[in-house]
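A.B. asks: Starting off with a structure, shown below.
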Amino acid sequence: MSAATASGGGRSPGTTRRSLPERSWFRTGVFVALAVLLVAGALYAIGAGSVHLSIGQVLDALTGRDASLRRIVWDIRLPRMLLAALVGMNLAVSGLILQAVMSNPLADPSIIGVSSGAGLLGIGVMLVAPSRLALVTPAAFAGAMGAAAAIFLLAWEGGIQPLRIILAGVAVSALCGAGISAFMVLFSDRVAGALMFMNGAMSMRGWTEVRGLWPYSLVALALALCFARRLNVLVLGDDAAGSMGMNVQANRVFFTALAAVLAASAVSAVGLLGFVGLIVPHLVRMVLGPDHRLTVPGSILAGAALLVVSDTLSRTVFSPVEIPVGITMTALGVPFFLFLLRRAL
């Protein structure tokens with residue numbers, strides 16, 4: 001018996017030991033852990049509040065065995081939890097897609113002007129026509145998609161290149177930011193509600209926002225899952241992807257538009273919310289590796305869990321005062337951003 005065989009090293013030449021993210025049992029364990037975290041976070045979110053509910057009470061209310069808690073659970077806490085989960089999924093997958101398409105590890109939905117465009121029209125409706133608040137969500141969605149379309153047009157020159165998208169995004173975001181500032185100066189007596197929108201508040205959100213968001217989430221997330229393999233090819237670079245028969249420009253436009261729809265629908269529902277699209281993709285890649293067939297579903301679960309937990313903390317830590325979830329995400333995101341920066345340098 002050779003030394004290699006005796007020591008367990010009798011693998012044939014050319015084979016290598018697989019790393020943890022490549023092992024099926026490890027991947028399964030990660031997905032189970034994310035699913036458990038999401039379910040636990042969802043149950044805690046429904047139970048936490050001024051009226052604390054145990055897990056048993058939450059389950060009784062959800063299944064209809066306790067009608068006295070129906071209003072608290074079904075009308076207030078459940079839709080808010082579902083909205084947080086959908087927004088977290090959308091922003092996380094949007095950020096993951098943009099980081100792959102643009103070959104930029106710091107890309108997130110704000111880079112394609114979605115946040116600034118949504119903020120401009122959403123806050124404009126809030127301040128100019130405060131009696132028409134029902135129009136805030138559709139106006140924000142229109143603004144987000146309009147800003148994304150403007151960046152596409154500005155960046156197009158025989159195709160779309162990541163650097164041109166970034167530069168056009170900076171210009172459009174600056175212009176929309178100036179418009180937001182102008183609205184807030186001209187209507188300074190009505191700024192309080194707009195500040196909540198600018199910081200991603202989920203208070204006073206319910207089934208209306210959930211019904212408006214879930215169709216976009218369902219279709220766009222399904223497309224992201226179905227075409228995840230193409231993202232693996234895109235990250236190889238234009239030359240390598242082209243040599244493999246991929247139409248690079250068509251796929252880049254498709255995925256950028258998909259990321260824009262995901263982010264626009266989320267931002268229009270809850271306001272400007274940063275760092276979700278930056279934090280989650282990096283965390284998922286650290287654990288599951290770079291394969292987008294794994295990181296897309298991983299980001300869906302992790303994004304939902306992160307925002308559900310963050311929103312619960314936002315409304316309970318300083319109770320009875322509630323802070324916008326965007327502030328909580330910034331408090332979590334800035335240290336993580338600095339960690340990424342230090343790691344990159």
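The values are calculated or read from the model by the stated rules, or taken from the named source; none is laboratory data. This is a predicted model, so every value here is computed, not measured. Cβ: placed from backbone, ideal geometry, glycine included. Neighbour counts: every protein chain shown. Surface areas here come from the heavy atoms of the whole protein model, side chains and all, with no ligands, DNA or RNA. Shrake-Rupley method; radii C 1.70, N 1.55, O 1.52, S 1.80 Å.
A.B. asks: So, of the residues in the stretch 310-345 that are in contact (Cβ under 8 Å) with a residue 60 or more places away in the chain and charged (D, E, K, R), which turns out to be surrounded by the fewest Cβ atoms within 10 Å (Cβ to Cβ)?
C.D. replies: Among residues in the stretch 310-345 that are in contact (Cβ under 8 Å) with a residue 60 or more places away in the chain and charged (D, E, K, R), the one surrounded by the fewest Cβ atoms within 10 Å (Cβ to Cβ) is Glu322.
For every residue, the table says whether it meets (1) modelled with pLDDT of 85 or more; (2) aliphatic (A, V, I, L, M).
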| residue | (1), (2) |
| --- | --- |
| Gly117 | yes, no |
| Val128 | yes, yes |
| Ser131 | no, no |
| Ala148 | yes, yes |
| Trp156 | no, no |
| Leu163 | no, yes |
| Gly177 | yes, no |
| Phe187 | yes, no |
| Ala201 | no, yes |
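A.B. asks: Going by the structure shown, is Ala4 modelled with pLDDT of 60 or more and small (Gly, Ala, Ser)?
C.D. replies: Numbers: modelled with pLDDT of 60 or more: no; small (Gly, Ala, Ser): yes.
So Ala4 fails the test.
A.B. asks: Among the residues in the stretch 201-212, are any under 22 Å from Gly113 (Cα atoms) and touching an Asp or Glu at 6+ places or on another chain (Cβ under 7 Å)?
C.D. replies: Yes, the stretch 201-212 has at least one match.
A.B. asks: Tell me, which residue of the stretch 225-268 that is buried (at least 20 other Cβ atoms within 10 Å of the Cβ) and among the small types (Gly, Ala, Ser) is modelled with the highest pLDDT?
C.D. replies: Ala228
A.B. asks: If Ser299 meets every condition in (1) under 23 Å from Met102 (Cβ atoms); (2) among the hydroxyl-bearing types (Ser, Thr, Tyr); (3) open to solvent by 10 Å² or more (accessible area, probe 1.4 Å) apart from one, which number is that one?
C.D. replies: The failed condition is (3).
A.B. asks: Are there helices (runs of 4 or more DSSP H) fully within the stretch 228-307 with at least 1 residues that are without any contact (Cβ under 8 Å) to a residue 12 or more places away in the chain and not hydrophobic (A, V, I, L, M, F, W, C)? List them.
C.D. replies: Details: elements: 228-234, 238-243, 248-270, 276-288.
Answer list for the stretch 228-307: 238-243, 276-288.
A.B. asks: In addition: Considering only the stretch 152-170, state which residues are in contact (Cβ under 8 Å) with a residue 12 or more places away in the chain and loosely packed, with under 15 Cβ neighbours inside 10 Å. I'd like the intermediate steps shown before the answer.
C.D. replies: Residues of the stretch 152-170 in contact (Cβ under 8 Å) with a residue 12 or more places away in the chain: 152, 154-155, 159-160, 162, 165-169.
Result: Gly159, Leu167.
A.B. asks: Would you mind finding the one in Thr28, Thr63 that is free of Cβ contacts under 8 Å to residues at least 40 places away in the same chain, open to solvent by 60 Å² or more (accessible area, probe 1.4 Å), under 30 Å from Leu294 (Cβ atoms) and not hydrophobic (A, V, I, L, M, F, W, C)? Spell out the reasoning first.
C.D. replies: Numbers: Thr63 fails: under 30 Å from Leu294 (Cβ atoms).
On inspection, the qualifying residue turns out to be Thr28.
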